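Asks: Here it is, the structure in full.
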Amino acid sequence: MMDKILFLPILMPLVLAAAIFVIPEKLRRAKEAMAVFAALMNLAVAIVLFKGNIILSLPWLGKGLEFSLRLYNFSSFIIAATAGFGFLITLYSIMFMRGKEYARQFYAYLLISISLVNGAVLADNLLAMLFFWEGLLLTVFAMIAIGGQFAFKAATKALIIVGITDLCMMAGIALTGHLAHTLTISKISLPLDALGSVAFVLLIIGAISKAGSMPFHSWIPDASTEAPLPFMAFLPAALEKLLGIYLLARICLDMFKLAPDSGMSIMLMVIGVVTILLAVMMALIQKDYKRLLSYHAISQVGYMILGIGTAVPAGIAGGLFHMINHAIYKSGLFLTAGAVEKQAGSTDLNKLGGLGRKMPVTFICFIICAASISGVPPFNGFFSKELVYDGALERGNLFYILAVLGSFFTAASFLKLGHAAFLGKSSRENEKVKEAPLPMLLPMVVIASVCILFGVYNALPLNGLIQPIIGTIRLNGHNFAGFPPNTMLVIITLVVLAAALLNHLFGAKAGGSGIKAADHIYHAPVLSTIYEKAEKRIFDPYNIGLKVVGIFSKIAWRLDRGVDWLYDTAAPKLAGISSRAILKLHSGSYSKYLVWSLLGMLIVIIFLTHSV
Amino acid sequence: MFLLFILLPLFSLIVLNLPFRAMMKKAAFWWLLVLLALQVYLAIGYVFGFFGFDLNAPIYPLSFSLNVDNFGCVALLSTAVVLGAVLLAAKYIIKEEEKLFNFISLLFIILAGSNGLALTTDIFSLYIFIEITTVASFILISFDKEKLVLEAVFKYIILSAVATVLMLLSIALFLLVSGKTDFSAIHAVLINSPHSLIVMFATGVFICALFIKGGLMPFHGWLPDVYSSAPAPVSALLAGIITKLVGIFTLMRLLVSVVNFDNPIRQVILFVGALSVVAGALAAAGQSDFKRMLAYSSISQVGYIVLGLGAGNALGIMGALFHLFNHSVFKSSLFINSAAIELQAGTRDMNKLGGLSAKMPVTSTTCLISSLSTAGMPPLAGFWSKLIIVLALWASGNYGYAALAVIAGILTLAYFISMQRRVFFGNIKEEFAGIKEPGFGLLLPACLLSAITIGLGLVFPFCLKLLKF
Amino acid sequence: MIPQAIQAFWPFGIFIFMLIVIGFYCILTTFNLIRALIGLELLLKAVTLLIVLAGYITNHSALTQALVITFIVVEVVVMTVAVGVVLGIRSHNNSLDLRKMKNIKG
């Protein structure tokens, strides 16, 4: 009986979401109350289940396709994190969604997403996990699409990109199942030989695409401007990272034996580094608060992938720690963006400015979260990034250097953002802006404090959550809690941060305002052409894919026209011509008819008698 | 017993015409109906085995060699049905009593001739009955003595007489070879000497003669003219009985019972059949005269029957027989519809007609049903017969011909739908604004025939016994 | 039997064949309706002769006589009807010319 409790995190949010759909429009407060209640219940369940170790296995379709759920330290951790974020975002959404007509759907989809994520995380059978994973496609689409008239295109783009990668993952699951003869995740353990690598790559594609790394990232910036903001704070920032990196970790740690020298590991690291750099370069030149943050979300995933890809204990620990840290501070950042949007009415950096005085609490939370993401000690981002650097350095200097370069740009970009939005002179439209209401402030403050907590007292997450996941065997006696052992790295980080600050000050003076602080990078020789092209979405794989599809459909259309012509024009014309010819032959004179008959008879007779 | 089928009409004719002519006029119509009903009943009854006694017992002292088998019964049945429809239509169309009486007398002759044709077992009697039927049809066609009709009839006479000559030529040669005129005797001789030159020659000539009488391409020259200019009930009669029985039924008889039906003959028949199907359909597609289009369509359908024959297996012959019956039914229905249109709208030109379905719903519906049956649309009867023919062709290895039959079916559908659209659907022209349905006399036969088509189509799978032989 | 018969009676065969050819030639190349009918008659008589020949060769004289008589009767009927039709045409067109009969085509 005890194991049936595992159904609770999956079913309860679903049921409550259905209840939200059913509540009539009039009782608006009831909807919000229900949403908060649901999130709270979910949190309670998560806390109860925390650190549990339960396995539930139900025979389903037979032949290894059973429906099994497994609660162990990793999955319970993710569930707790999801529940926590869910509760905070719901609380935040109460104020944000007030007055928007899609509120009811939003809460419902939110709860459904939580339920699906719980299911995907708990699932121990690849097939069951796939089921929940795919379900997320629909809720993501729905939540983006309700954002407005242009949102539909962004939602479709998300659906297509994530859908295609999900197909790859399905192929990977099939191949894995075939290789391992079972679909139970905890029982799979495959070497990375030829076929194994193919399965690995396919599965990885699914995982990192969900997490939002390059080259599957292009829907996130578009969604960020169109979708409702709490969605952005919840899914791309938190849930998807949690889920994607969770699966990535399970693939690399449990299902396949990712060795430090293998090609797969190098591939992962390359993906990670490329993501870090390219995304952050794009982030640098953005002029919209939310788009900027979304590019950063993409960039930070690179760190996580890099960390796990190193396959050394430091790197893995760093990657996982970064996962949870990122979820914390990125959602915090998005929440501040939401507050700004709600109070000042816009997220265009050209229009904002000087909000620091008007919205002090928001500003402080922003500073804390921005410092975390840049890797400033003693916040949580610093520690996780140090671990990732450690791991990267163990694998190669190049990776380390590139990761640090990414940090530089991250810091520069956030300095620009903070300056443009919060410092400087406030324009006339922003005169009346006040601080955000309490239900919106509360989650931000909580998150900011967790940033500090996880930073200063980092033994708590590391010893309590992350290291048990990796397991004592892999850890090999390392303990990453406390201050990073390699002081050299710390010093390099501090130097890089200082350089970023200097760069920003220089840029701000040169450009004349906070926004222009990054312009000198923008206009740098090679970079400017790349930036222009990127802004025109030439590099966007989605657009390239659309073009290719367009060519194919043109060809198919031409073929169809050809076949149509054959049926519509050629055949009837032919029939018409022969018909008229026959009619001409019937001239009306019986002698002609008689001649035909006699000729016909002659032919018949000759035919019949020639063989005799 | 079946001799009565022939004798009764003949005697009735004599009786009706000689004494008391005045009184007999009304009686003639009803008596013919009774005879026809009797014929239908007996034909169906025989096949389903209703009768316990042997119907072949000769009636002394008249012993005329007759035999009835399932072939014959189908012919008897279709004769009766078509004659019934024509009778009803004629009663409505021909208003003067005198003319109607003459018409009915001629119908008696045709009845006698067709029945004899169906029942005979002797090649010379076959010829006699063919001539009886044909001559009666000459007179029927030229009943109104209009200019166009006479022209067409003249062509028909010449060509039909030439066909007679050819037929007799081959009968003489058969006589030369076998010494008797009995089917079975000739058959016995022909089986034993299949490839001798004279036999092949005679067979070929006979077949061509039957092609001319039956209206297959390229021997069909008289057919479109005659069908389109004859009065409407007579066209129905021609298309339903005369061409079919005199031409095609005789061909069947010949091939099955008399001649050694081997491959060269089969090839000839297949080719001619296929040619008729395609050329007939193409010519029909280009017509603007309603009845002429129906004539070419008849050529096409007869081609189907002959294709079924050419397949050479039992399935093919069964399909051919069934299609013969179906064709009689739906072609008569179509001609009766054309009579209705011609009567009410005054023209046969399809380009001038249009939108008649609003004013003449019954005619439009029966026309649609018959057209679809011709094209082979399930679940009407035409579908079944065409299906059997195609299957027979496929089973006998003639894949190309089978494919051709199917493709021509599409063409058939095309021109019929085009006809339907031009005549019935669309917008009605002003000059036709006042027309209405023809009277009950024309609607009844059309409805009856359509009902037979639908009923047979639905019931056919249970009726396979009818055509086994 | 037949090959010997052909050897013995080949003149008759030739004659019949010639009659047939003349008959067809008549029908095909004349513009006068009555001449067409005469050509038809020639054909019919040629075939009658053939039947007689066949009967003679096979020694079935009774059967042949019955056949020939019946056939002549039928032929007379056909001809009567044909001439009746020609009369009707004449009353419409006032001539017996075939070329005036081109009203139906197509």
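Asks: Here is a check on your reading of the model: is B:ALA274 touching a helix residue (DSSP H, G or I) at 6+ places or on another chain (Cβ under 7 Å) and farther than 12 Å from B:ALA405 by Cα? Walk me through how you get there before you give the answer.
Replies: Numbers: touching a helix residue (DSSP H, G or I) at 6+ places or on another chain (Cβ under 7 Å): yes; farther than 12 Å from B:ALA405 by Cα: no.
Answer is no for this residue.
Asks: Look at C:ALA62 and say whether it is farther than 26 Å from B:GLU151 by Cβ and within 9 Å of another protein chain (Cβ to nearest Cβ). Don't jump to the end; show me each part of the working.
Replies: On the way: farther than 26 Å from B:GLU151 by Cβ: yes; within 9 Å of another protein chain (Cβ to nearest Cβ): no.
Considered against the rule, which asks whether it is farther than 26 Å from B:GLU151 by Cβ and within 9 Å of another protein chain (Cβ to nearest Cβ), C:ALA62 comes out as no.
Asks: Working only within region A:571-608, note down all residues that are more than 9 Å from chain B (Cβ to nearest Cβ) and either of a type in the set (S, T, N, Q) or not in a helix (DSSP H, G or I) (or both).
Replies: If the condition is that a residue be more than 9 Å from chain B (Cβ to nearest Cβ) and either of a type in the set (S, T, N, Q) or not in a helix (DSSP H, G or I) (or both), then A:SER587 is the only one that fits.
Asks: On to the next question. Which number in (1) touching a residue at least 24 places away in the same chain (Cβ under 8 Å); (2) of a type in the set (Lys, Arg); (3) surrounded by 13 or more Cβ atoms within 10 Å (Cβ to Cβ) marks the one condition that C:ARG35 misses?
Replies: Against the list (1) touching a residue at least 24 places away in the same chain (Cβ under 8 Å); (2) of a type in the set (Lys, Arg); (3) surrounded by 13 or more Cβ atoms within 10 Å (Cβ to Cβ), C:ARG35 comes up short only on (1).
Asks: I'd like to check something: does region B:99-116 contain any residue that is within 14 Å of chain A (Cβ to nearest Cβ) and either of a type in the set (Gly, Ala, Ser) or surrounded by fewer than 21 Cβ atoms within 10 Å (Cβ to Cβ) (or both)?
Replies: Going residue by residue through region B:99-116, those that are within 14 Å of chain A (Cβ to nearest Cβ) are none.
No: zero hits.
Asks: Restricting to region B:385-400, what's the tally of residues that are at pLDDT 85 or above and either under 16 Å from B:HIS323 (Cα atoms) or among the hydroxyl-bearing types (Ser, Thr, Tyr) (or both)?
Replies: Total satisfying the criteria: 9.
Asks: Given the conditions (1) modelled with pLDDT of 80 or more; (2) among the basic types (Lys, Arg); (3) more than 24 Å from B:ALA295 (Cα to Cα), which single one is not true for A:LYS573?
Replies: (3)
Asks: Checking B:VAL406 against (1) part of a helix (DSSP H, G or I); (2) on the phi > 0 side of the Ramachandran plot, only one condition comes out false. Which one?
Replies: Going through the list (1) part of a helix (DSSP H, G or I); (2) on the phi > 0 side of the Ramachandran plot, B:VAL406 breaks only (2).
Asks: Of the conditions (1) of a type in the set (Lys, Arg); (2) surrounded by fewer than 24 Cβ atoms within 10 Å (Cβ to Cβ); (3) touching a Ser or Thr at 6+ places or on another chain (Cβ under 8 Å), B:LYS213 fails just one. Which one is it?
Replies: Here B:LYS213 meets the rest and fails (2).
Asks: A follow-up question, please. Give the residue, chosen from C:VAL73, C:VAL47, C:VAL77, C:VAL52, that is of a type in the set (A, V, I, L, M, F, W, C) and either crowded, with 20+ Cβ neighbours inside 10 Å or away from chain B (no Cβ under 11 Å) (or both). Explain how you work it out, then say what you get.
Replies: Numbers: C:VAL73 fails: either crowded, with 20+ Cβ neighbours inside 10 Å or away from chain B (no Cβ under 11 Å) (or both); C:VAL77 fails: either crowded, with 20+ Cβ neighbours inside 10 Å or away from chain B (no Cβ under 11 Å) (or both); C:VAL52 fails: either crowded, with 20+ Cβ neighbours inside 10 Å or away from chain B (no Cβ under 11 Å) (or both).
Testing whether each residue is of a type in the set (A, V, I, L, M, F, W, C) and either crowded, with 20+ Cβ neighbours inside 10 Å or away from chain B (no Cβ under 11 Å) (or both) leaves just C:VAL47.
Asks: Quick check on B:ILE130: is it within 9 Å of another protein chain (Cβ to nearest Cβ) and within 20 Å of the chain's Cα centre (by Cα)? Quick ask: steps written out before the conclusion?
Replies: On the way: within 9 Å of another protein chain (Cβ to nearest Cβ): no; within 20 Å of the chain's Cα centre (by Cα): yes.
Against the criterion (within 9 Å of another protein chain (Cβ to nearest Cβ) and within 20 Å of the chain's Cα centre (by Cα)), B:ILE130 does not qualify.
Asks: Any residue in region B:243-267 that is assigned to a helix (DSSP H, G or I) sitting within a Cβ distance under 8 Å of a residue that is at pLDDT 85 or above and among the basic types (Lys, Arg)? List the pairs, counting only those 6 or more apart or interchain.
Replies: Listed pairs, sorted by first residue: B:THR243/B:LYS213; B:VAL246/B:LYS213; B:GLY247/B:LYS213; B:THR250/B:LYS213.
Asks: Provide a single number: the residues in region B:137-191 that are away from chain A (no Cβ under 12 Å), basic (Lys, Arg) and within 27 Å of B:ALA239 (Cα to Cα).
Replies: 2
Asks: Does C:LEU42 satisfy the condition of being surrounded by 18 or more Cβ atoms within 10 Å (Cβ to Cβ), at the interface with chain B (Cβ under 8 Å from one of its Cβ atoms) and either over 16 Å from B:TYR127 (Cα atoms) or of a type in the set (S, T, N, Q) (or both)?
Replies: No; evaluated as a whole, the condition is false for this residue.
Asks: What are the residues in region B:283-294 that are part of a helix (DSSP H, G or I), more than 15 Å from B:ALA375 (Cβ to Cβ) and within 11 Å of chain A (Cβ to nearest Cβ), if any?
Replies: B:ALA283, B:ARG292
Asks: While we're on this one: Go through A:TYR72, A:TYR92 for me and flag whichever is among the hydroxyl-bearing types (Ser, Thr, Tyr), more than 23 Å from A:SER186 (Cα to Cα) and either outside the structural domain of A:LEU320 (by TED's automatic domain parsing) or in contact with a Cys (Cβ under 6 Å, 6 or more places away or on another chain) (or both).
Replies: Values: A:TYR72 fails: more than 23 Å from A:SER186 (Cα to Cα).
Criteria check complete, one pass: A:TYR92.
Asks: Looking only at region B:348-381, count every residue that is part of a loop (DSSP other than H, G, I, E, B), in contact (Cβ under 8 Å) with a residue 40 or more places away in the chain and not small (Gly, Ala, Ser) and tell me the total. Please lay out each step first, then the result.
Replies: First, pick out the residues of region B:348-381 that are part of a loop (DSSP other than H, G, I, E, B): B:348, B:350-355, B:359-360, B:376-380.
Among the residues that remain, those that are also in contact (Cβ under 8 Å) with a residue 40 or more places away in the chain are: B:348, B:350-355, B:359-360, B:378-380.
Checking the rest, the ones that are also not small (Gly, Ala, Ser) come to B:348, B:350-353, B:359-360, B:378-380.
Of the residues in region B:348-381, 10 are part of a loop (DSSP other than H, G, I, E, B), in contact (Cβ under 8 Å) with a residue 40 or more places away in the chain and not small (Gly, Ala, Ser).
Asks: Go through (1) away from chain A (no Cβ under 12 Å); (2) in contact with a Pro (Cβ under 8 Å, 6 or more places away or on another chain) and name the single condition B:ASN260 misses.
Replies: So B:ASN260 meets the others, but not (1).
Asks: Another one. Give region C:88-99 a look and list any residue that's at the interface with chain B (Cβ under 9 Å from one of its Cβ atoms) and surrounded by fewer than 19 Cβ atoms within 10 Å (Cβ to Cβ), or say none.
Replies: Across region C:88-99, the qualifying residues are C:SER91, C:HIS92, C:ASN93.
Asks: Okay, next question. Out of region B:192-231, which residues are within 7 Å of another protein chain (Cβ to nearest Cβ), more than 18 Å from A:SER587 (Cβ to Cβ) and aromatic (Phe, Trp, Tyr)?
Replies: Hit for region B:192-231 is B:PHE201, nothing else.
Asks: Kindly establish whether C:LEU33 is within 14 Å of chain A (Cβ to nearest Cβ) and at pLDDT below 90. Working first, answer last.
Replies: Numbers: within 14 Å of chain A (Cβ to nearest Cβ): yes; at pLDDT below 90: yes.
So C:LEU33 fits the description; yes.
Asks: Quick one: which of A:GLY332, A:GLY318, A:GLY354 is under 30 Å from A:LEU402 (Cα atoms) and in contact with a Gly (Cβ under 7 Å, 6 or more places away or on another chain)? First the steps, then the outcome.
Replies: On the way: A:GLY332 fails: in contact with a Gly (Cβ under 7 Å, 6 or more places away or on another chain); A:GLY354 fails: under 30 Å from A:LEU402 (Cα atoms).
The unique qualifying residue is A:GLY318.
The values are calculated or read from the model by the stated rules, or taken from the named source; none is laboratory data. Since this is a predicted model, take the numbers as computed values, not measurements. Backbone-built Cβ (ideal geometry, glycine too); neighbour counts: all protein chains shown.
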